[in-house]
Structures are given as structure tokens and as C-alpha cells.
Amino acid sequence: MAHEQELENALKQFKRILRLYPDRKKDYMEYKYFLRSFIKIKTKSSTLPNTAVVTVIRHERPETFRLLREMMKDDPTFYFLTNLDMAYEDACRELGRFGFEL
């Protein structure tokens, strides 16, 4: 699979955010900003792994995910994103296709 640079960079940033910002109320904005920029990525040969990213946040940062869902419930895009779901193992496998590992 051809890896697209913008997507690869975003997934590196996601890994960095997971490492630097634990599951604390005050850090939810970092995840919000990341998701806002992530969904704007344009890919040519890959499908953007939105569901996998949201599933990892839901599993790894449950309090952060709850806050994102609660605080952004009136934003249609975030409402849609926070209602995406897949099995955590499947999400990790999908992200692994892009070289992302937790």
C-alpha cells in the first residue's frame, strides 16, 4: 500500500499525543484539535482511518473520549466521529497497515 506523507505525519502526531497527553480532563482539547485536522487530510490511495483513530481514543483515553463526545455533541462532524466504532483489535490492525503501533 502506498503510504501518503500527510497521513503518515498525522499518525505520528497521534502517537505523540497519546504519549504526551494522558486521560485527563484538561487535555481533551489536544485530541479535539488533532481530530479536526485529521479529518481534513486528503488521500489518493488510502481510506482515511477515522473509525480506527476514534476507536483507539475511546479505548485508550475513555475520559477524554467522553468529554469530546459531550462537549462536541452539537457539532455534526464530531457527533458523527464520536459515534463511529469498531473492535479495538481491528482498529489497531488497520492502523498497523500504516506503520502505526501503540
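What follows is calculated from the coordinates using simple rules that are stated; it is not laboratory data. What you see is a predicted model, and the numbers here were worked out from it, not measured in a lab. Virtual Cβ from ideal backbone geometry, glycine too; neighbours counted across all protein chains shown.
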### Query
Between the helical axis of 62-71 and the dominant principal axis of the chain, each derived from Cα atoms, what acute angle in degrees is found, rounded to the nearest 10?
70 degrees
#### Entry: Förster radius 30 Å - calculated FRET efficiency between LYS15 and ASP90 (Cβ-Cβ, nearest 0.05)
0.95
### Query
Mind checking the angle between helix 28-38 and the chain's longest principal axis? C-alpha axes, 0 to 90 degrees, to the nearest 10.
30 degrees
### Task
Specify which residue in the list LEU7, SER37, LEU48 is farthest towards the positive end of the charge dipole of the chain, using unit charges on the beta carbon of Lys, Arg (+1) and Asp, Glu (-1), about the Cα centre.
SER37
### Task
With the Cα gyration tensor of the stretch 11-102 in hand, give its eigenvalues times 5 under a square root as the equivalent ellipsoid semi-axes, listed largest first in whole angstrom.
19, 15, 13
